[in-house]
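Beneath this line is the structure, given in structure tokens, with notes to follow.
Derivation of every value follows stated rules applied to the coordinates shown; laboratory data play no part. This one's a predicted model, so the numbers in the text were calculated from it and none came from an experiment. Neighbour counts run over all protein chains shown; Cβ positions are idealised from the backbone, glycine included.
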Amino acid sequence: MTLINRYILGTFIKITSLSLAAFVGIYLLVDFFEKVDDFLEHQAAAKYYFTYFACKTPLIVSQVLPLTILMGVFLTLGGLTKSNELTAIRAGGISLFKIITPLIIAATLLSGANFLLNEYLVPAGTRTANHILKTEVKGKATTLTKRDNVWFRDNDTICHINLVVAEKKTLHGVSLYQFDQQLQITTRIDAADAIYRDGHWVSTSATMRQFSTTTQQLTAENKTTQLVLPLSKTPEDFGTTTGKNDELNFAQLRHLSRRMQQEGLEVTRYRVDMFSRLATPLACLVMAFVAIPFALQKSRNVNLALGISISVLIGVAFFIVQSTLIALGYSGTLPPFVSAWSANIVFLLLGLFLILSTRD
């Protein structure tokens, strides 16, 4: 690595680190004032304050990282241009492409780091933070967060469910095993599906088998098209309402969408979120491409405050476009892949066009 590349990277890392710390701090401060009433109202212990916001930090870092890279690239090149250092470097025979290469490589590596962050730390941290706020602070019952191959005990019944779709109040592939006090099986119920209606889980296709408590032999078998299942849990107890996809990573969303598709269920929202897990980290690289031409064209007459404002405006514009396209994907107006990736593609093409239009 040449001395110039080290100098450019050093400046970029310094600005990006300071920007990241500032944005994360502002985000945490705003989130603190939004949540502090809940903590004070329920007289939560001090440790929950720190644990909750510590668990939220990976999600916050993931969300603000594209904006910090945008600002880092913009202010790095802008500073070099404003001080005429960029002119001196190019006068030495170094092309614009070689100047921006270390910044592109750094943005690519940060995109990969952001993907790993979203795949491993963000879901676990979000799940823990939600648990702390809902269970430890507000005192609500612990929910089942798994959606497929679910096992749990409900009074004297052991339950197995192939797939839970709580937002539609349905269960698929339900098996219930009832035991007596001596842990001898008395009844087994197999239901193809069940829907939550009037406070009960009702199956329209179920088989009930009765067993002798002494010989454990099958004594009766009945098939029915209307059976109320002996389950006390509600859809909310499964903890899988629509907003909980942020607790799942790419691999989990892909597995869940395949299972639901096999059951013939609607998977549009899950596939949109699945593709977003790949597209969102790449926004870091896209923001770098967008920042480069803006920095080269505007930086001579831009001070620090205006540079920050321009970076934030570009980031907000990207966020609005991305959110709008994802909403269109949720509604089925756009295919999941298109809705998740279109914002990246549009802004990447815009950045490349502006870079190629910049006079070398």
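In the stretch 1-126, taking the dipole from charged Cβ atoms about the Cα centre, the farthest positive-side position among Phe32, Gly79, Ala91 is held by Ala91. Residues whose amide H falls under 5 Å from that of Thr186, counting only those 5 or more places apart or on a different chain, are Gln178, Phe179, Asp180, with hydrogens built in the peptide plane. Structure note, pairs Lys35/Lys140; Lys14/Lys56; Lys56/Lys233: Cα-Cα distances above 21 angstrom occur for Lys14/Lys56; Lys56/Lys233.
Sequence-ordered 3J(HN,Hα) estimates for the stretch 161-172 from the Karplus curve with 6.51, -1.76 and 1.60 and θ = phi - 60° stand at 10, 5, 8, 10, 10, 5, 5, 9, 6, 10, 10, 10 Hz, glycine and proline given as x.
Consider a paramagnetic label point 7 Å from the Cα of Arg197 along Cα→Cβ; state which residues of the stretch 210-234 have an amide N under 12 Å from it. Under cut-off, by backbone N: 225-229. If the chain linking Leu29 and Gln182 were pulled fully straight, counting 0.36 nm for each residue of separation and taking away their Cα-Cα distance, it would gain 49.6 nm.
Using equal-weight Cα scatterers in the Debye expression, the normalised intensity of the chain in log10 at q = 0.07, 0.12 Å⁻¹ is -0.45, -0.96.
The label-point distance for Leu109 and Arg254, in a model that sets each label 7 Å from Cα toward Cβ, rounds to 2.6 nm.
Rounded to the nearest 20, the Cβ-based charge dipole of the chain about its Cα centre (Lys and Arg +1, Asp and Glu -1) stands at 1080 debye.
Once the Cβ-Cβ distance of Ile320 and Asp37 is raised to the sixth power relative to R0 = 30 Å, the FRET efficiency obtained is 0.55. Applying 1/(1 + (r/R0)^6) with R0 = 51 Å to the Cβ-Cβ distance of Tyr330 and Lys223 gives a FRET efficiency near 0.85. Charged neighbours of Thr333, selected by a Cβ distance under 15 Å, balance to +1 (K, R count +1; D, E count -1). Say the dipole of the stretch 145-267 comes from +1 at the beta carbon of Lys and Arg and -1 at that of Asp and Glu; which of Leu218, Ile189, Met260 then lies farthest toward its positive end? Going by the charge dipole, the pick is Met260. Between amide H atoms placed 1.01 Å from N, distances below 5 Å from Leu334 occur with Gly329, all of them 5 or more places distant or on a separate chain. Phi angles across the stretch 37-48 convert, under the Karplus curve 6.51 cos²θ - 1.76 cosθ + 1.60 with θ = phi - 60°, into 3J(HN,Hα) values of 4, 5, 5, 5, 4, 9, 6, 5, 5, 4, 4, 6 Hz, Gly and Pro given as x.
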